[in-house]
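Enquirer: Please read through the structure below; I'll follow up with questions.
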Amino acid sequence: MNALTQILAIEYPIIQGGMGNISNAILTGAVSEAGGLGTIGAGTMTPDEVEEIIKETINRTTKPFALNIALSVSPYVKEVLSLVRKYQIPIVSLSAGNPAPYIPMFHEQGTKVITVCASVHQAKKAEAAGADVIVAEGYEAAGINSSLETTTLVLIPQIVEAVKIPVVAAGGIGDGKGLAAILTLGASGVQMGTRFIVTKEAPFHQHYKQKIVEASDHATLIVGRSVGRIRRVLDSEYAQKLLNYESKGISLDEFNELTSEKFHRLGAIDGREEAGFMNSGQIAGLISDIPTVKELLEKIIDDAKKQLQQARVKI
């Protein structure tokens, strides 16, 4: 047990990324049941939709899980925040916005707060505001990313040096070697999204999973640079369409519409890569199998222990 697992009351120092509107109770429950921290992503879903996932997750696990709220993305922040109190959700993850106004309220009700950061400055502010855990997300991560484009390897040791609370690394981690490397950099655990997509329980389209399994080291690309809205996705027919639109000139509003959750679901849930996009981190190139969540977590922990033991060599 380390500081992270103690604070979150979980067995393994592994957190599931929120995944926005393709979030679901099946995968969230499986991650928590297997010893990690499952996470529901509120995305832009209505409060009723989020509530249904919360209720189903409670039916699937008695272990802690988190609710991720993207503060500048969700049009229902106030209503979703109220669900945390209503269902006594033990952990909330706040991203894409300033968490400071909300942290005291959560602490009053006994809820631990994770904040997602992409810079040392953001991490320091989150700690000063009372955050319990920092998730430091590097540019390798799937989906919407910081325009700073700082890699995980560079970001983690700087944030670890700058704050005293536990730091969790996100972006480019999906196996035991990655966990071991992150721990040696001083972090207390990892957050994974892409790796959990490719598990037996994850209710995503088989074509999505297979594209990740077959991915090479250059299977992802960045869209949105031209409008300051960076997103990492799998290279696909739809992703190439987005790049083409950008090359010809596109507004931020137009880009946001073309990368809305409607098109996310068309790719991830329906498997229609010509009609929608599929988020993926650069870790896709290291994924070659589709295990159960339990098998995945156990293997990551076992492999990390072996890597840390083998690393005890003289330089």
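What follows draws every value from the coordinates through simple rules; no lab data is involved. If you're wondering where the values come from, they're calculated on a predicted model, not measured in any experiment. We place every Cβ from the backbone using ideal geometry, glycine too, and count neighbours over all the protein chains shown.
Enquirer: Sticking to Cα atoms, compute the Rg of the stretch 121-255 to one decimal and its Dmax as the biggest Cα-Cα distance, whole number, in Å.
Expert: Computed over the Cα atoms of the stretch 121-255, radius of gyration and Dmax are 16.6, 46 Å.
Enquirer: In whole Hz, with x marking every Gly and Pro, tabulate ³J(HN,Hα) for the stretch 169-182 from phi via Karplus 6.51 cos²θ - 1.76 cosθ + 1.60, θ = phi - 60°.
Expert: Result, ordered by residue: 8, 10, x, x, 10, x, 8, x, 4, x, 4, 4, 4, 5 Hz.
Enquirer: Right, here's the next one. Of the peptides 224-233, 22-31, 190-199, how do they stack up when ordered by the mean number of other Cβ atoms within 10 Å, highest first?
Expert: Ranked by mean Cβ neighbours within 10 Å, highest first: 190-199, 22-31, 224-233.
Enquirer: Which of the residue pairs 125/164; 209/299; 86/125; 112/306; 63/164; 211/306 have a Cα-Cα distance greater than 21 Å in the structure shown?
Expert: Long pairs (Cα-Cα over 21 Å): 86/125; 112/306; 63/164; 211/306.
Enquirer: Given N residues in the stretch 220-279, what is its alpha carbon radius of gyration divided by 2.2 N^0.38 Å?
Expert: Scaled against compact globular proteins, the figure is 0.99.
Enquirer: Continuing with the same structure: Grab the Cα-Cα distance for residue 253 and residue 124, subtract it from 0.36 nm times how many residues apart they are, and report the gain in nm with one decimal.
Expert: Length difference between fully extended and current span is 43.3 nm.
Enquirer: What does the extension gain come out to for residue 96 and residue 310, with contour length at 0.36 nm per residue minus their alpha carbon separation?
Expert: Stretched fully, the residue 96-residue 310 segment lengthens by 73.2 nm.
Enquirer: How far, in nm, would the chain grow between residue 109 and residue 298 when pulled straight, counting 0.36 nm per residue and subtracting the alpha carbon separation?
Expert: The span from residue 109 to residue 298 would gain 64.8 nm if fully extended.
Enquirer: When N counts the residues of the chain, how does its alpha-carbon radius of gyration compare numerically with 2.2 N^0.38 Å, as a ratio?
Expert: 0.93
Enquirer: Excluding residues fewer than 8 places away in the same chain, name every one of the aspartates and glutamates whose C-alpha is closer than 16 Å to that of residue 294.
Expert: Output for residue 294: 11, 33, 175, 201, 302, 303.
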